[in-house]
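S.K.: Here it is, the structure, as structure tokens.
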Amino acid sequence: MKTFKAQALRFGTEMIAEDVTEVDFRSRPFTIKADDKAVEADTVIIATGATAKLIGLPNESKLMGRGVSTCATCDGFFFKDQNIMVVGGGDSAMEEANYLSRLGRQVQVVHRRDALRASKIMQERALKNPKIEFIWDTGVEDVLDPAKGKVTSVRLKNLKTGAQSEVPVDGLFIAIGHLPNTALFQGQIDLHPNEYIKVVPGTTETSVPGVFAAGDVADFTYRQAVTAAGTGCMAALEAERYLEAHHSGH
């Protein structure tokens, strides 16, 4: 990332290390505010990404990257022949469980209900997998052990009986969905019902001409670094073409 940044700076990019607090796409040029700074732009690329939903336990964030993960393809390799737990019941949870079963010794899937939300084909694949075990009607109460600096076990609670248990695990993968970082743009550009930015298929164009969206903020299907980088390149080319078409006399 440092190399990418150095390259961008070499070509004259101005970097402002501030969080954007407000945008105005209703009038042109567009206005982007970051605390007390305001920047005007003829074109904007939104690349604010999506944030993985977490359970909300204090130890979960303390052990993030030390056994707790939200990305099987990123971190699965570190748990070869170890005990892995996946939290969730949707397609992404089943996809992660199946992927991790090829690496880990055993994969346990913990789900709050007694049936999966995942599509039938994803369910069947996971249920037939001999290395995947399901723990139904159960929530994660705590992740241990921050004192040891790594995940050693997970405390579970059966939501029907209230019974608690502690299960030794090496890795905890949380797959309960993502939230796109789009609160800033609500009411200004068209969003899908799941709050991801709507783009014209095959492009990065949003509902506002001159505003483009790249990466996970507009992608709820692939969510990979390589696909995000690809749409980033597309957005840059589309923004450049937009400027050329609208500023040909300048």
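What follows is calculated from the coordinates using simple rules that are stated; it is not laboratory data. Quick caveat, the model's predicted, so the values are computed rather than measured. FYI the Cβ positions are ideal-geometry reconstructions off the backbone, even for glycines, and counts take in every protein chain you see.
S.K.: Once Kirkwood radius over Cα pairs in Å is worked out from the coordinates, which option in (i) 19.7; (ii) 20.5; (iii) 19.2 does it equal?
M.R.: Answer by label: (ii).
S.K.: Given Cβ point charges of +1 (Lys, Arg) and -1 (Asp, Glu) and nothing else, what value in debye, to the nearest 20, does the dipole of the chain about its Cα centre take? Walk me through the intermediate numbers first.
M.R.: Working: 28 positive and 32 negative charges, 195 e Å.
In debye, rounded to 20, the chain gives about 940.
S.K.: To continue, here is another question. Over 18 Å, how big is the tail of the calculated P(r) for the stretch 120-250, in percent of all Cα pairs?
M.R.: Looking at the stretch 120-250, the distances longer than 18 Å represent 70 percent of pairs.
S.K.: Could you tell me which residue out of Trp136, Thr152, Pro168 lies farthest along the dipole of the stretch 125-172 toward its positive end? Charges go on the beta carbon: Lys and Arg +1, Asp and Glu -1, centred on the Cα centre.
M.R.: Of the options given, the answer is Trp136.
S.K.: While we're on this one: Could you tell me which residue out of Ile55, Gln82, Phe25 lies farthest along the dipole of the stretch 1-122 toward its positive end? Charges go on the beta carbon: Lys and Arg +1, Asp and Glu -1, centred on the Cα centre.
M.R.: The residue sitting farthest along the positive end of the dipole is Gln82.
S.K.: Given the pairs Lys80/Lys150; Lys5/Lys37; Lys120/Lys198; Lys53/Lys198, which are separated by over 24 angstrom at their Cα positions?
M.R.: Among Lys80/Lys150; Lys5/Lys37; Lys120/Lys198; Lys53/Lys198, the Cα-Cα distance tops 24 Å for Lys120/Lys198.
S.K.: Restricting attention to the alpha-carbon atoms of the stretch 1-79, what are Rg (one decimal) and Dmax (integer), both in Å?
M.R.: Rg and Dmax of the stretch 1-79, Cα atoms, are 18.1, 51 Å.
S.K.: How about the stretch 11-94: which GluC sites (Glu not before Pro) there are in a DSSP loop, with at most 16 other Cβ atoms within 10 Å of their Cβ?
M.R.: Of the GluC sites (Glu not before Pro), the ones in loops of the stretch 11-94 whose Cβ has at most 16 other Cβ atoms within 10 Å are Glu14, Glu18.
S.K.: Please enumerate, by chain and number, the aspartates and glutamates with C-alpha under 13 Å from the C-alpha of Lys148, excluding those fewer than 8 residues away in the same chain.
M.R.: The qualifying aspartates and glutamates are Asp170.
S.K.: Here's something else I'd like to know. Pick from Ala214, Ala41, Ala52 the residue whose mean-square fluctuation is largest in a GNM of the chain, springs joining Cα atoms under 10 Å.
M.R.: Comparing Ala214, Ala41, Ala52 in a Gaussian network model of the chain, the most mobile one is Ala41.
S.K.: I want the antiparallel fraction of DSSP beta bridges within the chain, as a percent rounded to 5.
M.R.: Working: 24 of 43 bridges.
So the antiparallel bridges amount to about 55 percent of the total.
S.K.: Can you give the % of DSSP beta bridges in the stretch 15-107 that are antiparallel, to the nearest 5?
M.R.: Looking only at bridges with both residues in the stretch 15-107, the antiparallel portion is about 75 percent.
S.K.: Springs between alpha-carbon atoms under 10 Å, Gaussian network over the chain: tell me which of Ser119, Ser69, Ser27 tops the mean-square fluctuations.
M.R.: Of Ser119, Ser69, Ser27, the Gaussian network model singles out Ser27 as fluctuating most.
S.K.: For the chain, which cysteines have no second Cys with its Cβ under 4.7 Å from theirs?
M.R.: Cys233
S.K.: Assign unit charges at the C-beta atoms only (+1 for Lys and Arg, -1 for Asp and Glu), then state the dipole size of the stretch 79-228 relative to its Cα centre in Debye, rounded to the nearest 20.
M.R.: Dipole about the Cα centre, nearest 20: 440 debye.
S.K.: Oh, and also: Can you show me the helix-derived [θ] at 222 nm for the chain, built from DSSP H runs with n ≥ 4 at -39,500 (n - 2.57) apiece and divided by the number of residues, rounded to the nearest 500.
M.R.: -7000 deg cm²/dmol
S.K.: Same structure, new question: Excluding the sites themselves, what is the longest stretch of the chain that contains no chymotrypsin sites (Phe, Trp or Tyr not before Pro) in a DSSP loop with at most 12 other C-beta atoms within 10 Å?
M.R.: 12-221
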